[in-house]
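The values are calculated or read from the model by the stated rules, or taken from the named source; none is laboratory data. Here the structure is a predicted model, which is why all the values come from computation and not from measurement. Neighbour counts are summed over all protein chains in view; Cβ atoms, including those assigned to glycine, are modelled from backbone coordinates with ideal geometry. Just the protein is used for accessible areas: all its heavy atoms, side chains included, with ligands, DNA and RNA removed. Shrake-Rupley method; radii C 1.70, N 1.55, O 1.52, S 1.80 Å.
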Amino acid sequence: PDLITIDKILEHKNEVVAVEGILTSWVEDPYGSGEDRVNMIIEDATGVVQLRWYRFGDIPPLGTYVKAIGDVVEYNGKLWLNAMGAGALSWSKSNVPEIFPTTISEVAANPENYSLTALTLTGYLSKSIEPEATYSSLELRDHPNYASSVHQMRMVVHSAPGEWLESGQKVEVTGILDYDQHLLQWTLHIQGPEIRTINTYAPPIAKLDWSTADTWSYSSNNMVEISGVLGEGWVLSGSGNEICII
């Protein structure tokens, strides 16, 4: 199969392709149904994709540079690679990192090990944060799209970041992990200035289609692009549907 960069995957729907990148997250049997499957997140310099690997083989350590071969699938706003069998994922010993990174996946496996200690993580913001917002609650994900993410964790920003942060933005954050007894979940607490954007990745802009308005919810809290006829009261219309512009 053709070796492509991850940002070109949409151009190869229903085709078998090969991609290369860093393994940043994975979870076995994601729905607890006994399925012989692992969901993985693979990232290169152009984007990030979920690999759904059935009848999987050995799994390398996080941070390993891997090559994956699979079928490009798009369904209801979701995009992923389908693969089957041990040969779908390959890597060499030289591609295994000497120092293993701390990832959302690692923290999710044993959060107690990171409790109340300074923690630095890389991930994608689940929603936009205004420059002067003094308190924001959101998720830090391993994939910019909620439907494709394997792991996500609650994050609370306690002061203004000073710059506009877009949903889907790739960031590096440093904060304190604490267990919230009220919500019964672990939360990463950070200060706004501690959000450092990674400019090698640009958040994708979803193009909304009037004919598939039932799938727009997949782009909630994301930057989108849409064309239509502007009417009174800042209402955009097309194909019998309307959307408000604020």
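Have a look at G123, G77, G32 and tell me which one the Gaussian network model of the chain (Cα, springs below 10 Å) gives the largest fluctuation.
G32
How many angstrom lie between the Cα centre of the range 169-207 and the Cα centre of the range 97-160?
What the calculation gives is 4 Å, centre to centre.
Which order do F56, F100 take when ranked by solvent-accessible area (1.4 Å probe, heavy atoms of all protein chains), largest first?
Working: F56 50, F100 120 Å².
Of F56, F100, the descending order of accessible area is F100, F56.
Cut-off under 19 Å on the C-alpha distance; same-chain residues fewer than 8 positions from K127 excluded. Which aspartates and glutamates are left, in chain and number order?
E139, D142, E163, E166, E172, E194, E225
Return the single residue from D142, D178, D214 with maximal mean-square fluctuation; model: Gaussian network over the chain, springs between Cα atoms under 10 Å.
Among D142, D178, D214, the largest GNM mean-square fluctuation belongs to D214.
Computed FRET efficiency, Cβ-Cβ of R196 and E232, R0 30 Å: what is it to the nearest 0.05?
Efficiency, from the Cβ-Cβ distance: 0.10.
So, by mean Cβ neighbours within 10 angstrom, what's the order for 41-48, 197-204 with the highest one leading?
41-48, 197-204
For E139, what is the net charge nearby, where nearby means another residue's Cβ is under 13 Å from its Cβ and Lys, Arg count +1, Asp, Glu -1? Present the calculation step by step, with values, prior to reporting the outcome.
Working: positive: K127, R141, R154; negative: D142.
In short, +2.
Classify the range 6-86 from the C-alpha gyration tensor, please: rounded if a/c falls under 1.5, else prolate or oblate depending on whether a/b exceeds b/c.
Because a/c hits 1.5 or more and a/b fails to exceed b/c, the range 6-86 counts as oblate.
Run lengths n ≥ 4 of DSSP H only: what is the helix-derived mean residue ellipticity at 222 nm for the chain, with -39500 (n - 2.57) per run over all residues, to the nearest 500?
Computed ellipticity for the chain at 222 nm equals -500 deg cm²/dmol.
In the chain, with Lys and Arg counted as +1 and Asp and Glu as -1 at Cβ, which of these residues, T117, V157, A133, has the Cα nearest the positive end of the dipole, that is, farthest along it?
Positive-most Cα among the choices belongs to T117.
What does the C-alpha gyration tensor say about the overall shape of the range 102-246? Classify as rounded when a/c is under 1.5, otherwise prolate if a/b is larger than b/c, or oblate. Could the numbers behind the result be given before it?
Working: a/c = 2.41, a/b = 2.03, b/c = 1.19.
Taking the square roots of the gyration eigenvalues as a ≥ b ≥ c, the range 102-246 is prolate.
Could you sort the peptides 165-176, 4-15 by per-residue average Cβ neighbour count (10 Å cutoff), highest mean leading? Don't skip to the end; give the middle numbers.
On the way: 165-176: 18.9, 4-15: 14.0.
So the peptides 165-176, 4-15, ranked by packing, come out 165-176, 4-15.
For K8, give me every one of the lysines with a C-alpha distance below 21 angstrom, ignoring sequence neighbours fewer than eight places off in its own chain.
K67, K78, K170, K207
In debye, nearest 20: dipole of the range 60-123 around its Cα centre with unit charges on the Cβ of K, R (+) and D, E (-)?
Dipole magnitude for the range 60-123 comes out near 140 debye.
Please compute the length gained on full extension between S92 and S115, using 0.36 nm multiplied by the number of residues separating them and subtracting their Cα-Cα distance.
That works out to 4.9 nm of additional length.
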